[in-house]
1. Set the Förster distance to 60 Å, then compute FRET efficiency between residue B:224 and residue A:64 from the Cβ-Cβ distance, nearest 0.05.
2. Considering only DSSP beta bridges whose two residues both sit in the range B:195-321, what percent are antiparallel, to the nearest 5?
3. Rg over Rh of the protein assembly as shown, using C-alpha atoms and the Kirkwood radius, what does it come to?
4. Out of all DSSP beta bridges with both ends in chain A, state the antiparallel percent to the nearest 5.
5. Which angle between 0 and 90 degrees, to the nearest 10, do you get for helix B:309-321 versus the longest principal axis of chain B when only C-alpha atoms count?
6. Would you mind giving the mean number of other chain beta-carbons within 10 Å of the Cβ of each residue in B:46-56, as a whole number?
7. Ordered by packing density, taken as the mean number of other Cβ atoms within 10 Å over each peptide's residues, highest first, how do A:154-167, A:21-34 rank?
8. Based on the Cβ-Cβ distance of residue A:316 and residue A:287, what FRET efficiency does E = 1/(1 + (r/R0)^6) give at R0 = 35 Å, to the nearest 0.05?
Amino acid sequence: MTTGEAPGPPTGDGHAQLYRTIRLIRRFEERAIELVQSGDIPGIHPCIGQEAAAAGVCAALRPDDVVLSNHRGHGHLLAKGCDPGRLMAEILGRVTGVGRGGGGSLHPADLDSGVYGATATVGHGAAIATGVGWALAQEGGDRVAVAFFGDGAVNQGALLESFNLAALWRVPVLLVCENNLYATTLAAHVGNAGSVVGRAEAFGIPASTVDGQDPVVVRDAARQAVDRARAGGGPSVLELLTYRYQGHHTFELKTHLLYRDKAEVARWQERDPLRIQAERLGAQERELIDAEIEATLEEAVRSALESPEPDPADPLRYLYADGLRTRGGVSYA
Amino acid sequence: MPKLHYLKAMNLALRDEMTRDPAVFLMGEDINLALTNVATGLLHKFGPNRVLETPLSEQGFTNFATGAALTGRRPVVEYQIPFLLMLVLEQIVNQASRFSLMSGGQFRVPVTYLLPASGWKPGWGAQHSDQPYPLFVHMGVKVVLPATPRDAYGLLTSAIRDDDPVVVFAPAAAHGVQETVAFADLVPIPLGVGRVHRAGDDVTVVAMGHLVHDALAVAEDLADEVSVEVFDPRTLHPFDWAGLAASVERTGRLVVLDDANRACGMAGEIIATASEEMRLVAPPRRITRPDGAVLGSVPALDLAMQPNREQLAAAIRRVMKGV
Ligand SMILES: Cc1ncc(C[n+]2csc(CCOP(=O)(O)OP(=O)(O)O)c2C)c(N)n1
C-alpha cells in the first residue's frame, strides 16, 4: 500500500491535529505514570512511543466509526475523541469516569466517542470488531469498525478465526496490528512464525506493513483501507512497525526486566513520533498546542482526583443490563 | 388442542421473535439445513442475512455475536453440542458477560446461546456427554433449562428479549416431550420464576431439565407412601429462591436431582442455601453425576453415571425417615 511513499507536504490542519493528538497521549500517559508512582492508579500498560498508531488510524475515521481497543488502549480512546478528564477519572476508578470506574485502565469503553470496549484477552477484540463491522454494514450505512491489537495477538486462534469470517462476509473492518516487537518479554521474531501480512493474505485479506512512527504514513494507509471498507471492499490488515519506550506494564518500573538493550530503545527514540510530527509545525503553533494540553491535563487530573469513588457496598451495580441484583457473598450481616 | 413438540416450540419461539424484532438473527453450524431441527424453515423465511451459516469457528463467531450485540442486534447463537461451550467459555463468560459491568452500564450484550442437543444420550463418548450448566451459574451468566415445550417456548422468548447474555440449555432427553397446548397459551415466561409441577406436603424434590419428568414419575409411583412436591426452577441463574423457600417452608424436606457433576454443582448450591436460610426438619439429599470426567462411550457405563429414578425413590424414603 503506502510503504515507502513520502508523506504528504507538511501543511494543513491535519498536521496540527495529529501533533495535538500525539502530544495529548504522550503527556496523558506521563501524568498517569506519575499517578501510578504516587499509588493512586494500580498500574497501566503505557503506549508511549506508539502514539502515531492511534493518532494516524483515528485521523482516518469518522466520529461514528467504531473502535475496539486492547490492554494498551489509552491512546486509542484519546485519539478517538474521548474526554481526557473522564478517561483519567476512569483509570483512577472514579464515578465520573467513562465507565463509572468499572473498566479502569485495562477496559475503558466510551460509547460517546465510539470506543466499544477494550478487551484484555489478547486478540479477541478483533473478533468482536468483526461482529460490530458486520452489524454496522447490515444497518446500511458506510460505517467501519477498527480493532487494535499487538504482534502477540496474531497468534491467537480467535483472531485468525475472525480473519476468516471477515473475509468470507466482506466485513468493513480494519484490523490494525501495532507491532512493537514484543509481547510482554517475548520478541516477535521468537514468537511469530511467518508474518502478519502473510497471515492476512492466507485469508485473501489485503494487507500492508508501514512505518508506524510517522502519523502521516499511518493516517494515509488507514484511510486507503477505510475507504475500501466503506465502498464495500471488505476487511484490511494494517501492520504498523512501532515501539514502546516503557515497559510492558508499569510493574516493570520495579522489576527491571532485561529483554531489550538500551541501544535498541535509543534507536527507536530517534524516530519519535512526537518529534517527527513536531517538525511539521512552526514553533509558535506547537507551543500553543503544548500549553493548551498542559492546561487540559492539569484540569483532568485535578477533577478526576476530586471525584468520588464508587460505592463498595454496590460493586455489581452494572453486572446485568436489566439491573438484576444477585445474592451477595455474605448472607448474614 | 394440538400437541406441541419440544423442538417445534423452540423453532416457533425463534420464528416469532425474528418476525417481531428485526434485530434478532440466528447463527451457527449447519443451520441452513436445520441439522438439529431447531432452525427448520427459518432460512427460507428470513434469508441469509438473518440466518448465518458459520464455518467451524466457535471462538470467532461467539465473539462476533458479542460485537453485533454491542451495536444493538440480538444474536441467537446455536451450538450443536454442549462441549463446544468449553471452547467458548472465554467468549461468553469473560467477554460477553463482562461488557455491561466494565463499561459502567454503557453497553449491553443481548446474546442468546442455544444448546439444542445436550449430550446426555448414552454412547456418544467422553467428549459429548457432560452437562456444563453449573459453570455458567458459577460465573454469573444467566442460565435457563426448560423441561417442557411450553416452557421452552416461553423461556427462549424471554432469553432473546433479555438484555444480557443468556445460555439456554434444551436437554436432548426432553426433545421428545410433547404437550397438549393451545398456541394462544404460548407466552414469554419471565426468567427467575420456578414452577411447581406437582403439589405435595411431605418433601420438595427440586428437579431440573429433563429430570423433571423423572421426578414426576417417581412422585406418582410413591403417591400412596409419600406426598411429593416437584419444583422446577426453570432458570438456574437467576434462581427462584423465594419459590423454593415457599415450597420447603411447607414440606420441611428437600431432595435435589441434578444431571451435572457433584462438586460445585447446582444441587450443592441449592442444599447449601436451603440449609442456611430455610427450615428443614430432616437432612437434605442430592442425586447427581459423580465428580470428574464422564465416560460416555459404552451406554451402560454412561447410564451408570446418570441420576436415575431408583436413586431418587431411595433418597425420598431416606429423607422421610429423617436420616
Ligand atoms: C490470550 C492472552 N494471553 C496472555 C495474556 C497476558 N498478556 C497480556 S498483554 C500480553 C502481551 C501482548 O502482546 P502484544 O499482543 O504484542 O501487545 P503489546 O502488549 O505489545 O501491545 C500478554 C501475554 C492475555 N492477556 N491474553
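What follows is calculated from the coordinates using simple rules that are stated; it is not laboratory data. Computed from a prediction, not measured in an experiment: that's the story for all the values here. Cβ coordinates were reconstructed from backbone atoms using ideal geometry, including for glycine residues, and neighbour counts include every protein chain displayed.
1. For residue B:224 and residue A:64, the calculated efficiency is 0.30.
2. 20 percent
3. We get a ratio of 1.04 for the protein assembly as shown.
4. Approximately 10 percent, going by the DSSP bridge assignments.
5. It is inclined by approximately 50 degrees.
6. Whole-number average of other-chain Cβ neighbours for B:46-56 is 2.
7. Highest-to-lowest ranking by the protection proxy: A:154-167, A:21-34.
8. Plugging the Cβ-Cβ distance into 1/(1 + (r/R0)^6) gives 0.15.
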